[in-house]
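The structure under discussion appears below in the form of structure tokens.
Each reported figure results from applying straightforward, stated rules to the coordinates on display, with no laboratory input. Since the model is a prediction, treat every value here as computed from it, not as a measurement. Quick reminder, even Gly has a Cβ in these numbers, built from the backbone with ideal geometry, and neighbours come from all protein chains shown.
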Amino acid sequence: MNKYQKGFAPIVIALIVLILTSIGGTGYYLIKKQSPKQTVCTTDAKICPEGSSVGRTGPNCEFAACPEEKVDETANWITYKYEKYGFEIKYPPTWTPDISTTYEFGALGFTSSKNEDEEFMNFWINRYKSSEIPDKGTPNTIINGLNVYKDDGYVRNPDGPSTQFISFERNDYFYVLTFQVFKKYNLPSKSMYEDIKPAIFTSEEKAIWDNFISTLKFL
């Protein structure tokens, strides 16, 4: 090895060391940058309006969102207590209650309008003696802790009311809750029981039906 080669060797070694150091430093920086920063949040809690609590989370330790508060759509409904048959139920403040005296079994109804020339809705509760109902159907769902049969809804004749009902047995009595939406009051002259087809209810009508059922309580 001549003297020039001997003088050049330290420079090559220094360059190699510099390159390796640069590569190592760059790699460490990139790995450090990509590694998620571990954040430890405090354990304090926030009380939500409905009574639950949420803690802090995320990189900024912000409080988690509170559960969406459920709005009680029946808050301004009126409670009707029917002590004769041992139950109470709520109905919209613009509706009118009606107790039928036509039938021995008794019926409690509510109507959204007494003007039969316009669209209106009815909700009825009928009570029978269980021994008088031979075919009670088979319960297919649970509502308010009761095993009930719930119908999907139907329309009799093109201009007939859209009808839906649930029925259940309780303490030797058989109850039928019926909801009807009348688009036109007068039915065609042919039989009511012809041309039965599935009913279609609007979201508002479904909400009214569900809210009626949810407010039924036995005393």
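Length gain on complete extension for the stretch Ser130 to Glu118, per 0.36 nm per residue less the alpha carbon to alpha carbon distance?
Between Ser130 and Glu118, full extension yields 0.7 nm more.
So, in nm, how far is label Cys41 from label Glu83 when the simple model puts each one 7 Å beyond its Cα toward the Cβ?
Label at Cys41, label at Glu83, 5.3 nm between them.
So, R0 is 30 Å and r is the distance between the beta-carbons of Asn144 and Cys48; what FRET efficiency does that work out to, to 0.05?
0.70
Between Ser203 and Tyr154, what is 0.36 nm times their sequence separation minus the Cα-Cα distance? Round to one decimal in nm.
This chain segment gains 16.0 nm when fully extended.
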